[in-house]
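The values are calculated or read from the model by the stated rules, or taken from the named source; none is laboratory data. Nothing here was measured: the structure is a model prediction, and the numbers come from that model. For neighbour counting, all protein chains shown are included, and Cβ atoms are generated from backbone atoms with ideal geometry for every residue, glycine included. In case anyone asks, the SASA skips ligands and DNA or RNA and just uses the protein heavy atoms, side chains included. Shrake-Rupley method; radii C 1.70, N 1.55, O 1.52, S 1.80 Å.
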Amino acid sequence: MTHLTAFTASLETVAERCEDVVPPVYAALFKRFPEFEDLFVLDIDQGARGHMLNEALSMAEGLLQDDPVAISFVSAERMNHEGYGIGDDVFEGFFQVMADVFRTISGEAWSSEMSAAWDKVYEKAAAAKL
Ligand code: HEM
């Protein structure tokens, strides 16, 4: 099974068990990085959170395919986020937070291939620096 297939399977497994991953993902993000919750104070309808999560997921899929568009997008967002005081470790940490939450939601349906695929996403996100 390729990393991309396992990654896609992980999202399908989550979608079958959770209608909206935004609340659990950001609850976990702010538990790990409480200092960044206030940055979302203007995001009343959670629209920016949802958009950010969707962008990060489609970038993760692109990174697993070594897509230059995904690499430059992640690099660009990394620089944008420096403006919020978000450093590399925190920025990349978003992918680990998503993997942890998705593993919890998936329970026994989560596989070692899915963990390996998300580890690869994290590795490639960390390497996506222009
Ligand atoms: C822990 C890591 C991260 C934190 C704390 C963070 C924080 C933020 C904040 C505060 C905003 C602005 C929200 C607003 O306008 O109300 C934002 C927007 C955004 N972030 Fe992140 N971010 C993180 C990681 C990422 C990653 C890894 C990506 C993509 C690879 C990403 C992509 C985006 C995008 C596309 C937006 C614009 C959303 C919009 O305004 O609709 N972020 N982020």
Determine whether Leu29 is closer than 18 Å to Phe102 by Cβ, part of a helix (DSSP H, G or I) and within 9 Å of the ligand (Cβ to nearest atom). yes
Please tell me if Glu82 is at pLDDT 95 or above, more than 13 Å from the chain's Cα centre (by Cα), open to solvent by 70 Å² or more (accessible area, probe 1.4 Å) and within 9 Å of the ligand (Cβ to nearest atom). no
Within segment 87-127, residues over 16 Å from Thr8 (Cβ atoms), in contact (Cβ under 8 Å) with a residue 40 or more places away in the chain and open to solvent by less than 20 Å² (accessible area, probe 1.4 Å) come out as Gly93, Phe94, Val97, Val101, Ala125
Pairs only if they're at least six apart or on different chains, beta carbon under 7 angstrom, first in segment 10-22 and in contact (Cβ under 8 Å) with a residue 60 or more places away in the chain, second of a type in the set (Gly, Ala, Ser) and open to solvent by 30 Å² or more (accessible area, probe 1.4 Å); list them, first residue then second. Thr13/Ala109
Please count how many residues of segment 39-56 are more than 9 Å from the ligand (Cβ to nearest atom) and in a helix (DSSP H, G or I). 0
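Of the residues Glu19, Glu55, only one is closer than 22 Å to Thr104 by Cα and either open to solvent by 80 Å² or more (accessible area, probe 1.4 Å) or polar (S, T, N, Q) (or both); which? Write out each step before concluding.
Working: Glu55 fails: either open to solvent by 80 Å² or more (accessible area, probe 1.4 Å) or polar (S, T, N, Q) (or both).
Just one listed residue meets the conditions, Glu19.
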What are the residue pairs meeting all of these: first residue in segment 34-60, first residue more than 14 Å from Asp20 (Cβ to Cβ), second residue more than 6 Å from the ligand (Cβ to nearest atom) and of a type in the set (A, V, I, L, M), Cβ atoms under 6 Å, and 6 or more apart or on different chains? Met59/Ala70; Ala60/Val121
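Looking at segment 105-130 only, could you name the residues that are modelled with pLDDT of 95 or more and either aliphatic (A, V, I, L, M) or more than 15 Å from Phe7 (Cα to Cα) (or both)?
Going through segment 105-130, the residues modelled with pLDDT of 95 or more turn out to be 105-128.
Residues satisfying the conditions are Ile105, Gly107, Glu108, Ala109, Met114, Ala116, Ala117, Val121, Ala125, Ala126, Ala127, Ala128.
Counting just the residues of segment 58-71 that are part of a helix (DSSP H, G or I) and open to solvent by 50 Å² or more (accessible area, probe 1.4 Å), which one comes out farthest from Ala15 (Cα to Cα)? Full working, then the answer.
Narrowing segment 58-71 to residues part of a helix (DSSP H, G or I): 58-64, 68-71.
From what's left, open to solvent by 50 Å² or more (accessible area, probe 1.4 Å): 58, 61, 68-69, 71.
Working: Ser58: 15, Glu61: 16, Pro68: 27, Val69: 26, Ile71: 26 Å.
The extreme case among them is Pro68.
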